[in-house]
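Data block below; observations after.
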Amino acid sequence: MINIKENERLNVMNHSCAHLMAQAIKHLYPKALFWVGPVIEEGFYYDIDLGEDVIKEEDLERLEKEMKKISKDGKRIVRRELTKDEALDMFKEDPYKIDLISRMDENENVITCYSQGDFTDLCRGPHVETVKELKFFKLIKFSGAYWKGDSKNKMLQRIYGVCFENQEDLDSYMKELEEAKERDHRKIGKDLDIFMAHDLVGKGMPLWLPNGAVIRKELENYIYAKERSMGYQHVYTPCVGTVDLYKTSGHWDHYKENMFPSMKVDEEEFVLRPMNCPHHMLVYGNKLHSYRDLPIRIGEFATDFRYEASGAVKGLERVRCMCQNDAHLFVTPDQIGEEFKKVVELILDVYKDFGLENYKFRLSLRDPEDKEKYFDDDDMWNEAESKLREVLNELGVEYFEAIGEAAFYGPKLDVEVKPAVGPEVTLSTCQLDFLLPRRFELSYVDSNGEKKVPVVLHRAIFGTFDRFTAFILEETKGSLPLWLSPTQINIIPVNNEYHLDYSKELYNELLEKNIRVELDSRDEKLSYKMRESQTRKIPMTLIIGDKERDNNEISFRLFGEKETTTLSKEEFIKLVVDKIENKSK
Ligand code: TSB
Ligand code: ZN
């Protein structure tokens, strides 16, 4: 989808369109006050204080009509420079503008306002010449938004819209938007009974339904097998720790605002853990280690809790209770390159297995000027960063560098993906860490019998099972490969009276082979059942009639296809078992 903010002409048009909308709002709601109205990737929005009034769906149409009227009228948009005093005087009735203006420095920036007919707004510009240029727009949605994003403040109303140069562009954008909505994992997750939410459990705390649980278990089995084959050892550790644990790790000082508040139990003070590294440090420290034991790779499918802003939580993609596919790799300094390479290879391997192609590698480096954010050891940083770069070049993967994005304890590699709706997120991550092992006083004995501190690689291939599931649901539009599908095969007898026995026989045979099969013996029309099988995106639908029963055959239709294929029962079962085993797409 086009990024409107980055397109010069569309940026200006959308900004002007936000003013046009504000003017229309003022006509319909004379008491309306305006906060800010920026251009965003998807168009524009304006935050508005409507007093007692609340925007409803049908109001958008009314507003659009009023905007069209103003546009037709065709007033010029006129810029005016103001001194701070003039600005304060001009907007003296408007507390929101007073708030903005009081924080402005007229010596740094000229204060300007823009007028069009009966409407004037404080604004930096630039704008189109006349409102006549704004013809092809659409108001898309509305929501509540706290003033300055702070839940202690008043809730304003935010209306989103978009503006283009011609009708075709607007139409094709609206079509893309519709498609994105269809692909949104929140919709798919609901339609396919994958997860739910409930106020009684809380915001950002999805409940995985049976279908979702199957997907998650398959993902766990898949990555567990891969990790075992690479020498990982998995552990189970509690999803709480004492405050002291997080003081030792440094999270209490550096990560507290992302954590749930602590709770006291007897004499101990606990927190829900936001990360698993501290627990894994203790597991490593439980034994003495020689350089010969390294790398030691400690993995866990670990539940974490993070405070995410209530406006940021989103389906399975951004949750407050998540399960990481986590591991901490303890290595000697000269094993960093090789171990990092294995992680990148694993990422590539996994993405290939899932057929994922829409992702970007981001190498996050420190800003050498920023001595405060990054822990101070130039040699360490330079060496680590060039090692990571070297590995990426050697593997020939494309990546971009982001200066100043490293964690304070070391550089990292992130995989960025774009969800159907909303900004990019990180899926996989691999982070180098020189600090945490020191804080936990970890060591190994090197070949000279000297005590040394290991280096740690934090890595999560799926990121979290939550976010990864959200992403594959969107990439596949809910049509998962056979091996991942909650229901793999749906058997529909043409007529229960004649075909149910053979269908049941088949059902039991498939069940015995551990295939997730359903038998639809409801008294409904065949066409209805077939359609439902498609809506549920079941990969294989079997239609069992006379011919199949008499010849011990199977006729099946793949999801999304119109043709039916017929095979002997044995051939069919072999095909299915092979497809599942090979994780065929
Ligand atoms: C990799 N300590 C490391 C770990 O060892 C760590 O926690 N890294 S992280 O903070 O980057 O989180 C790992 C992954 O979890 C991220 O790459 C991202 O894919 C996923 N993740 C982070 N926050 C959320 C969230 N709120 N909801 C869903 N997934 C999340
Ligand atoms: Zn970690």
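Summary table below
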quantity: Count - residues of segment 265-280 that are more than 13 Å from ligand 2 (Cβ to nearest atom) and either within 25 Å of Asn448 (Cα to Cα) or assigned to a loop (DSSP other than H, G, I, E, B) (or both); calculated: 2
quantity: Extreme residue, surrounded by the fewest Cβ atoms within 10 Å (Cβ to Cβ), among residues of segment 45-65 that are part of a loop (DSSP other than H, G, I, E, B) and free of Cβ contacts under 8 Å to residues at least 24 places away in the same chain; calculated: Glu52
quantity: Qualifying position, being outside any strand (DSSP E or B) and in contact with a strand residue (DSSP E or B) (Cβ under 6 Å, 6 or more places away or on another chain), among Leu442, Leu510; calculated: Leu510
quantity: Check on Glu441, at positive phi and either modelled with pLDDT under 95 or not aromatic (Phe, Trp, Tyr) (or both); calculated: yes
quantity: Meets criteria (closer than 25 Å to His251 by Cβ, of a type outside the set (A, V, I, L, M, F, W, C), modelled with pLDDT under 95 and more than 10 Å from ligand 1 (Cβ to nearest atom)) for Pro411; calculated: yes
quantity: Residue within segment 476-483 that is closer than 30 Å to Glu227 by Cβ and part of a helix (DSSP H, G or I) present; calculated: yes
quantity: Whichever residue in segment 440-462 is within 19 Å of Ala406 (Cα to Cα) and in contact with a Ser or Thr (Cβ under 6 Å, 6 or more places away or on another chain) and, among such residues, is farthest from ligand 1 (Cβ to nearest atom); calculated: Ile461
quantity: Criterion violated by Thr464 - all others in (1) polar (S, T, N, Q); (2) more than 16 Å from ligand 2 (Cβ to nearest atom); (3) crowded, with 22+ Cβ neighbours inside 10 Å satisfied; calculated: (2)
quantity: Output for segment 298-344, where each listed residue is within 16 Å of ligand 2 (Cβ to nearest atom), within 24 Å of Ala470 (Cα to Cα) and among the aliphatic types (A, V, I, L, M); calculated: Ala302, Met322, Ala327, Val343
quantity: Lone unmet requirement of (1) over 35 Å from the mean Cα position of the chain (by Cα); (2) among the polar types (S, T, N, Q); (3) at pLDDT 95 or above for Thr469; calculated: (1)
quantity: Residues of segment 411-437 that turn out to be within 16 Å of ligand 2 (Cβ to nearest atom) and at positive phi, as a count; calculated: 0
quantity: Count of segment 272-316 residues which are hydroxyl-bearing (Ser, Thr, Tyr) and within 17 Å of the chain's Cα centre (by Cα); calculated: 2
quantity: Conditions (1) without any contact (Cβ under 8 Å) to a residue 24 or more places away in the chain; (2) crowded, with 21+ Cβ neighbours inside 10 Å: number failed by Pro30; calculated: (2)
quantity: The listed residue being within 19 Å of Phe305 (Cβ to Cβ) and either buried (at least 16 other Cβ atoms within 10 Å of the Cβ) or more than 15 Å from ligand 1 (Cβ to nearest atom) (or both), out of Asp171, Asp184, Asp253, Asp191; calculated: Asp253
quantity: Filtered residues of segment 313-339 (kept if in a loop (DSSP other than H, G, I, E, B), farther than 19 Å from Arg273 by Cβ and of a type in the set (A, V, I, L, M, F, W, C)); calculated: Leu316
quantity: Close pairs (6 angstrom Cβ cut-off, 6 or more residues apart or separate chains): within 14 Å of ligand 1 (Cβ to nearest atom) in segment 416-434, among the small types (Gly, Ala, Ser) and modelled with pLDDT under 95 anywhere; calculated: Gln431/Ala407; Leu432/Ala384; Leu432/Gly410; Asp433/Gly410
quantity: Which listed residue, of Val214, Val283, Val240, is on the phi < 0 side of the Ramachandran plot, within 16 Å of ligand 2 (Cβ to nearest atom) and aliphatic (A, V, I, L, M); calculated: Val283
quantity: Residue within segment 334-346 that is under 30 Å from Val421 (Cα atoms) and away from ligand 1 (no atom under 16 Å from the Cβ) present; calculated: yes
quantity: Residue within segment 546-562 that is in contact with a Leu (Cβ under 9 Å, 6 or more places away or on another chain), within 30 Å of Arg183 (Cα to Cα) and in a loop (DSSP other than H, G, I, E, B) present; calculated: no
quantity: Scan of segment 409-439 for residues that are over 30 Å from Lys181 (Cα atoms), out of contact with any Pro (no Cβ under 7 Å at 6 or more places or on another chain) and not in a strand (DSSP E or B), ordered by number; calculated: Tyr409, Pro411, Phe434, Leu435, Leu436, Arg438, Arg439
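Per-residue answers, yes or no, for (1) modelled with pLDDT under 95; (2) under 21 Å from the mean Cα position of the chain (by Cα); (3) surrounded by fewer than 19 Cβ atoms within 10 Å (Cβ to Cβ); (4) acidic (Asp, Glu):
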position	(1), (2), (3), (4)
Asn325	no, yes, no, no
Pro333	yes, no, yes, no
Lys341	no, no, yes, no
Val344	no, yes, no, no
Tyr351	no, yes, yes, no
Glu372	yes, no, yes, yes
Asp376	yes, no, yes, yes
Asp379	yes, no, yes, yes
Glu385	yes, no, no, yes
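The values are calculated or read from the model by the stated rules, or taken from the named source; none is laboratory data. Source: prediction; values computed, not measured. Please note: Cβ atoms are built from the backbone with ideal geometry, for glycine as well, and neighbour counts cover all protein chains shown.
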